[in-house]
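The values are calculated or read from the model by the stated rules, or taken from the named source; none is laboratory data. Fair warning: this is a prediction, and the values are worked out from it, not measured in the lab. Reconstructed Cβ throughout: ideal geometry from the backbone, glycine too, with neighbour counts over all protein chains shown. To get the accessible areas, we keep the full protein, side chains included, count just its heavy atoms, and leave off ligands, DNA and RNA. Shrake-Rupley method; radii C 1.70, N 1.55, O 1.52, S 1.80 Å.
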Amino acid sequence: MAIGENSQTLEHIGVTDDVISKTVQSAKSSQRSERRIRGVKRGVRSELSVSQGDWTRRGYANHKELLSTEGLRDEIPRIKCSEVTPEEFIERFEAPCQPCVITGLTEEWAAHHKWTWDKLLAKFPEHKFKVGSDDDGYAVRIKFKYYYEYLHSLEHGKDDSPLYIFDGTFADRAGSKALSEDYKAPEYFSEDLFKFVGEKRRPPYRWIVWGPARSGSSLHIDPLATSAWNALLMYAAKP
Ligand SMILES: O=C(O)CCC(=O)C(=O)O
């Protein structure tokens, strides 16, 4: 009712019913996404109260000292995949357990141009991606369209540790398995002993990790002490 009255008045300044209805729809969808985000936050970090501000309590988002890269030295060697053979890679990096950054790999992947937030939204609006596990170990999932709204709202920028999609089942689920065709394991890592256990019996071995700046896991050793490679995509994209 109140909206109808307003619309009569607003039409004089060019705000039509259509615009109003779109605005109301988008407000409703924001409320829905806020509710979903609160729900998954409770699910993945039940020790933090959303309503009492525990997600922003430490103020990491504005912690100048903590976020500063001043004085940090990056001494990790970089190699171009086109210039280093697998044999040389084994000798220089794998055998001595020397970390390195490999460049020139992802440009040829479909993921390189297909995995932008907007394109992913267009493709997977209703698909539920995993953002973590609850206290009983069950997967906590959220529809991509709600996660997208979180990413484009101010909220994630204030969170001490923003929510991110960390989904080790994407390649097995009907709605998202096509993503596994968008990249290729680098030749350096083609030897994978778990392959011999069979696809059904091997433990999870591929993840998508999608999130904004400051999101991500902390230092850890992977399950079964396996070694991981990670590819960084979209690093310059503005969420
Ligand atoms: O980048 C991340 O946050 C997670 C990556 C990870 O857990 C891993 O490579 O083992």
Note to self: Just checking, does segment 90-103 include any residue being surrounded by 14 or more Cβ atoms within 10 Å (Cβ to Cβ), out of contact with any Gly (no Cβ under 9 Å at 6 or more places or on another chain) and part of a strand (DSSP E or B)?
What the structure shows: yes
Next item on the list: Could you tell me whether segment 155-164 includes any residue that is within 13 Å of S215 (Cα to Cα) and aromatic (F, W, Y)?
Entry: yes
Checklist line | Qualifying residue in segment 80-100 (condition: within 24 Å of the chain's Cα centre (by Cα) and of a type in the set (A, V, I, L, M)) | finding: no
Notebook entry, point to check: Which ones in segment 200-219 are aliphatic (A, V, I, L, M) and within 11 Å of the ligand (Cβ to nearest atom)?
Noted result: I208, V209, L219
Next item on the list: Answer yes or no as to whether D167 is farther than 30 Å from E87 by Cα, among the charged types (D, E, K, R) and in contact (Cβ under 8 Å) with a residue 40 or more places away in the chain.
Entry: yes
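Please find, among E47, E70, the residue that is over 29 Å from S180 (Cβ atoms), in a loop (DSSP other than H, G, I, E, B), at pLDDT 95 or above and open to solvent by 60 Å² or more (accessible area, probe 1.4 Å).
After applying the criteria, what remains is E47.
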Next item on the list: Please work out if D222 is near the ligand (Cβ under 10 Å from one of its atoms) and either farther than 18 Å from K128 by Cβ or within 17 Å of the chain's Cα centre (by Cα) (or both).
Entry: yes
Next item on the list: Scan segment 109-132 residue by residue and report those that are without any contact (Cβ under 8 Å) to a residue 24 or more places away in the chain and either over 22 Å from R36 (Cα atoms) or aromatic (F, W, Y) (or both).
Entry: H113
Check: Any idea which of Y188, Y164, Y138, Y146 is more than 11 Å from the ligand (Cβ to nearest atom) and under 15 Å from L120 (Cβ atoms)?
Finding: Y146
Next item on the list: Answer yes if at least one residue in segment 216-226 is farther than 21 Å from R42 by Cα and touching a strand residue (DSSP E or B) at 6+ places or on another chain (Cβ under 8 Å), and no otherwise.
Entry: no
Next item on the list: Could you list all residues from segment 160-183 that are exposed (fewer than 15 other Cβ atoms within 10 Å of the Cβ) and not hydroxyl-bearing (S, T, Y)?
Entry: D172, A174, G175, K177, A178, E181
